[in-house]
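The values are calculated or read from the model by the stated rules, or taken from the named source; none is laboratory data. None of these values were measured; they are calculated from a predicted model. Cβ sites come from the backbone with ideal geometry, for glycine too, and all protein chains shown count toward neighbours.
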Amino acid sequence: MNAWIEKQRHLIDFTLASLARRKAKNLGLLLVYALLVFVLASVALYTHALRQEAAQVLKQSPEIVLQRMVAGRHDLIPPGYLEKIGRIRGVQSIEGRLWGYYYDPVVKANYTFMAPAAEAVKPGTLVVGPAVARSRGLAPGNTISFRAYSGKLFSFTVVGVLPHASELVSADLVLMGEADFRAFFEYPAGQHTDIALSVANPLEVRTVAAKLASALPDSRPILREEVLRTYASVFDWREGIVLALLSAAIFAFAILAWEKASGLSAEEKREIGILKAIGWETGDVIKMKLWEGGLISLTAFLAGFVAAYLQVFRFGAPLFEPVLKGWAVLYPRFELVPAIDGLQVATLFFFTVFPYMAAVLVPIWRAAITDPDSAMRS
Amino acid sequence: MIFQPAIIALLLASGIAVAMLAAAAPFALQVIRQWDIASGTERQLLLERRTYLFSTLAAFVMVVQLVALLLFVFNADRMAEMFVGAMCAVGTLNVNPFGFPALLAQMAVFFLAAAWLAVNHVDTRAPDYPLVRVKYALLLILLPALALAFVLQLKYFLGLRADVITSCCGSLFSGDAKGLAAEVAALKPLPAMTLFYVVLAVAAGLTFFHARTRRAGYAAAAASAAAFVATIVGVLSFVSLYLYEHPNHHCPFCILKPEYGHQGYWLYVPLFAATAAGLGTGALQPFRQVASLREIVPAVSARLADLAAFGYLLVALIATYFVLHSNLILIEH
């Protein structure tokens, strides 16, 4: 075993020295290789972080949201619905929610207006989300007026700005009292936008949803796990599409690697010829060349991955953000939590190192079988 | 679902592997028919040169297949959140009828690839390449296996539909269900434990014996295969229970999940490595008497057996640690 390790060590030593002798050629390849890893890793790291973020956000959301449908469209929940649902076993709490969208012509963006049930906001006051506060330049104590859809003007005093930590969900949020909300939107008394139900046992969620659907045939229960699944597949799908598009780049890179590996310079040929003349076997030359490929791969992979990590988590992924994140006027500013996923690293490795090694095998062999005399003579 | 990054990577890996082996097949036939190490003809020289290429190619493919199994399981486990009713890899693999066959095929390819790599290793160490014909014949046998694994994977991944309600591991591995897995899961802990430890002890003992005396190679390989089955049975019937600290949860895949600290990998990686080494020992035994391999085969086979013995010992120790570390009590003293 020790002899084997010793042999590999010498091979690596030799390979490194021979790589250093042809700096320009190898650095070029290394750069392109690292760039490819960088692009692919950026996509992978960024989507994974987004997925994590979505899962984190939805953790706090209700297990089931019940909407009423009229002619296939989302409609208000009329009075008496909450009672009609009554007590379903396994449901911890039922709560009618009040929320709506408001288009603000000043910044040309939609806000989400909401009357929270848990904490009452005093009449005439508002609590606004961080992005709303940013876009309208609001601070606690300021007054702001909105023209309601009815044409009337309403003035409110801002009493608080929601913390930045919750920005992903609260960027465009405006919280107000229930009475204000109903007056502003002229919302019919006793009606709600939708109903949120919390279910303690995850295994019972589907049963509860089935009971709801049979008790209220005109309603649509939306499960949190379904929302989560949709997010996960959307992000995966986006990542997959980007990777599939980039596969052309991988292919081009494989061709480049093939070319680089097969275009042996006269000096390299002579080197191999001398090695074989002093007793190296074809197998040894192949091993040396494989080490060369392996070392280049490893260096490029590490360099590309680290650069991608810095790009995504230090600098906010300026390169891929528009494709992967989606777009909105009041887009939340959020810090991605650094997360590395083993599966993704393994996948990335397959995407880059595997095509490279597959591409250089044949050129390596061609180089290794050169006869010593013909190599040295040429 | 085909646009999952890990799925693209897996299909890429097995697609290229099949293509490479298919490209090597005509050459394999030529080697089997025309190889003659004693001859000095130009054709023989060309063949000898080409074996370097195709041996490297095949070795590369096999090594990739070893890693692909890990990626396959890892990916199946991760995708569970996409399917209604799936809690772990079982649900994902159950989405369509090709899931479990694809996994089993990948496992078969894993062990076949390991055996081929062992044969290839001893062959390249002998000066006259005595096993070239055997190696390439085996390659021709491996090609359909790899192609089958690829087709099963392709069918499985193409047939993944998010709206299928799949079944959870609880229904497949419970004592009340029907089928082989359920029968095994219903085994009482004490006999299952006895079986597990006895078979592992025999396997570790035999492989160790072979490593020291270089005898009983076939027995060591057979014991390795038995130890693989016994460990899977052990995981199904008692190790998983202790890990989950739950008397009825028998799933062999949930232990791979982050909720349980990925502890399953600690068990499966040594198990698969040890079994691959043990089977590799068996694959080398027919060539003990080949003149130029008389020194090489016993040495390599002994090293593989050492590895297997160490692996099984590790599996037993890790399983014991899981059992002792758990708060669950299945057997009262």
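Counting just the residues of region A:120-133 that are touching a residue at least 40 places away in the same chain (Cβ under 8 Å) and either outside any loop (DSSP other than H, G, I, E, B) or out of contact with any Gly (no Cβ under 9 Å at 6 or more places or on another chain) (or both), which one comes out nearest to A:Ser170 (Cα to Cα)? Steps first, answer last, please.
Within region A:120-133, the first condition is being touching a residue at least 40 places away in the same chain (Cβ under 8 Å), and the residues that meet it are A:120-132.
Subset that is either outside any loop (DSSP other than H, G, I, E, B) or out of contact with any Gly (no Cβ under 9 Å at 6 or more places or on another chain) (or both): A:125-132.
On the way: A:Thr125: 17, A:Leu126: 14, A:Val127: 11, A:Val128: 8, A:Gly129: 5, A:Pro130: 7, A:Ala131: 8, A:Val132: 9 Å.
Among those that are touching a residue at least 40 places away in the same chain (Cβ under 8 Å) and either outside any loop (DSSP other than H, G, I, E, B) or out of contact with any Gly (no Cβ under 9 Å at 6 or more places or on another chain) (or both), it is A:Gly129.
A:Leu243 fails exactly one of the following numbered conditions: (1) farther than 30 Å from A:Val91 by Cα; (2) more than 14 Å from every other protein chain (Cβ to nearest Cβ). What is the number of that condition?
(2)
Please state which of the following conditions A:Ala196 fails to meet, knowing it meets all the rest: (1) farther than 26 Å from A:Arg97 by Cα; (2) away from chain B (no Cβ under 14 Å); (3) surrounded by 14 or more Cβ atoms within 10 Å (Cβ to Cβ); (4) of a type in the set (Gly, Ala, Ser).
With respect to (1) farther than 26 Å from A:Arg97 by Cα; (2) away from chain B (no Cβ under 14 Å); (3) surrounded by 14 or more Cβ atoms within 10 Å (Cβ to Cβ); (4) of a type in the set (Gly, Ala, Ser), A:Ala196 is out only on (1).
For A:Phe184, are the conditions met, namely being within 14 Å of chain B (Cβ to nearest Cβ), part of a helix (DSSP H, G or I) and surrounded by 15 or more Cβ atoms within 10 Å (Cβ to Cβ)? So that I can check it myself, show each step before the final result.
On the way: within 14 Å of chain B (Cβ to nearest Cβ): no; part of a helix (DSSP H, G or I): yes; surrounded by 15 or more Cβ atoms within 10 Å (Cβ to Cβ): yes.
Answer is no for this residue.
Which numbered condition trips up B:Arg215, out of (1) over 30 Å from B:Tyr244 (Cβ atoms); (2) at pLDDT below 85; (3) within 14 Å of chain A (Cβ to nearest Cβ)?
Exception for B:Arg215: condition (3).
Give A:Leu27, A:Leu66, A:Leu50, A:Leu31 a once-over and let me know the one that is part of a helix (DSSP H, G or I) and either in contact with a Cys (Cβ under 8 Å, 6 or more places away or on another chain) or in contact (Cβ under 8 Å) with a residue 60 or more places away in the chain (or both). Explain how you work it out, then say what you get.
Values: A:Leu27 fails: either in contact with a Cys (Cβ under 8 Å, 6 or more places away or on another chain) or in contact (Cβ under 8 Å) with a residue 60 or more places away in the chain (or both); A:Leu66 fails: part of a helix (DSSP H, G or I); A:Leu31 fails: either in contact with a Cys (Cβ under 8 Å, 6 or more places away or on another chain) or in contact (Cβ under 8 Å) with a residue 60 or more places away in the chain (or both).
Exactly one residue qualifies, and that residue is A:Leu50.
What do you reckon, is B:Leu279 among the aliphatic types (A, V, I, L, M), in a loop (DSSP other than H, G, I, E, B) and either out of contact with any strand residue (DSSP E or B) (no Cβ under 9 Å at 6 or more places or on another chain) or modelled with pLDDT of 90 or more (or both)? Lay out the reasoning, then the answer.
Details: among the aliphatic types (A, V, I, L, M): yes; in a loop (DSSP other than H, G, I, E, B): no; either out of contact with any strand residue (DSSP E or B) (no Cβ under 9 Å at 6 or more places or on another chain) or modelled with pLDDT of 90 or more (or both): yes.
No: the conditions fail for B:Leu279.
So, B:Val198, is that one assigned to a loop (DSSP other than H, G, I, E, B) and either of a type in the set (A, V, I, L, M) or under 24 Å from B:Leu271 (Cβ atoms) (or both) or not?
Values: assigned to a loop (DSSP other than H, G, I, E, B): no; either of a type in the set (A, V, I, L, M) or under 24 Å from B:Leu271 (Cβ atoms) (or both): yes.
No: the conditions fail for B:Val198.
Output the number of the condition that B:Leu187 fails; it satisfies all remaining conditions of (1) assigned to a helix (DSSP H, G or I); (2) in contact with a helix residue (DSSP H, G or I) (Cβ under 6 Å, 6 or more places away or on another chain); (3) not polar (S, T, N, Q).
Going through the list (1) assigned to a helix (DSSP H, G or I); (2) in contact with a helix residue (DSSP H, G or I) (Cβ under 6 Å, 6 or more places away or on another chain); (3) not polar (S, T, N, Q), B:Leu187 breaks only (1).
With the checklist (1) in contact with a helix residue (DSSP H, G or I) (Cβ under 6 Å, 6 or more places away or on another chain); (2) within 12 Å of another protein chain (Cβ to nearest Cβ) in hand, flag the one item A:Glu226 doesn't pass.
Failed condition: (1).
Does A:Val43 qualify as being farther than 29 Å from A:Thr207 by Cβ and assigned by TED's automatic domain parsing to the domain that holds A:Leu245? Give the derivation first.
Working: farther than 29 Å from A:Thr207 by Cβ: yes; assigned by TED's automatic domain parsing to the domain that holds A:Leu245: yes.
For A:Val43, the condition - farther than 29 Å from A:Thr207 by Cβ and assigned by TED's automatic domain parsing to the domain that holds A:Leu245 - is met.
Across region B:56-74, which residue is surrounded by the fewest Cβ atoms within 10 Å (Cβ to Cβ) among those that are touching a Ser or Thr at 6+ places or on another chain (Cβ under 8 Å) and facing chain A (nearest Cβ under 9 Å)? If you could, list the steps in order and put the result at the bottom.
Applying the first criterion (touching a Ser or Thr at 6+ places or on another chain (Cβ under 8 Å)) to region B:56-74 yields B:65, B:68, B:71.
Subsequent filtering for residues that are facing chain A (nearest Cβ under 9 Å) retains B:68, B:71.
Numbers: B:Ala68: 24, B:Leu71: 21.
This residue is B:Leu71.
So for region A:243-265 (the condition being outside the structural domain of A:Ala359 (by TED's automatic domain parsing) and among the basic types (Lys, Arg)), does at least one residue qualify? So that I can check it myself, show each step before the final result.
Residues of region A:243-265 that are outside the structural domain of A:Ala359 (by TED's automatic domain parsing), as a first pass: none.
So far as region A:243-265 goes, no, none of its residues is outside the structural domain of A:Ala359 (by TED's automatic domain parsing) and among the basic types (Lys, Arg).
Wholly within region B:1-94, which helices (runs of 4 or more DSSP H) include no fewer than the required count, namely at least 1 residues that are over 26 Å from the mean Cα position of the chain (by Cα) and not assigned by TED's automatic domain parsing to the domain that holds B:Phe111?
On the way: elements: B:5-34, B:42-78, B:89-93.
Those helices (runs of 4 or more DSSP H) do not exist here; none qualify.
Surrounded by 20 or more Cβ atoms within 10 Å (Cβ to Cβ), more than 22 Å from A:Ile286 (Cβ to Cβ) and modelled with pLDDT of 85 or more: which single residue out of B:Gly91, B:Gly99 fits that description?
Working: B:Gly91 fails: modelled with pLDDT of 85 or more.
Within the list B:Gly91, B:Gly99, the selection yields B:Gly99.
Any residue that is closer than 18 Å to B:Val64 by Cα, hydrophobic (A, V, I, L, M, F, W, C) and at the interface with chain B (Cβ under 10 Å from one of its Cβ atoms) - is there at least one of those in region A:363-377?
First, pick out the residues of region A:363-377 that are closer than 18 Å to B:Val64 by Cα: none.
The answer is no, given that none of the residues of region A:363-377 is closer than 18 Å to B:Val64 by Cα, hydrophobic (A, V, I, L, M, F, W, C) and at the interface with chain B (Cβ under 10 Å from one of its Cβ atoms).
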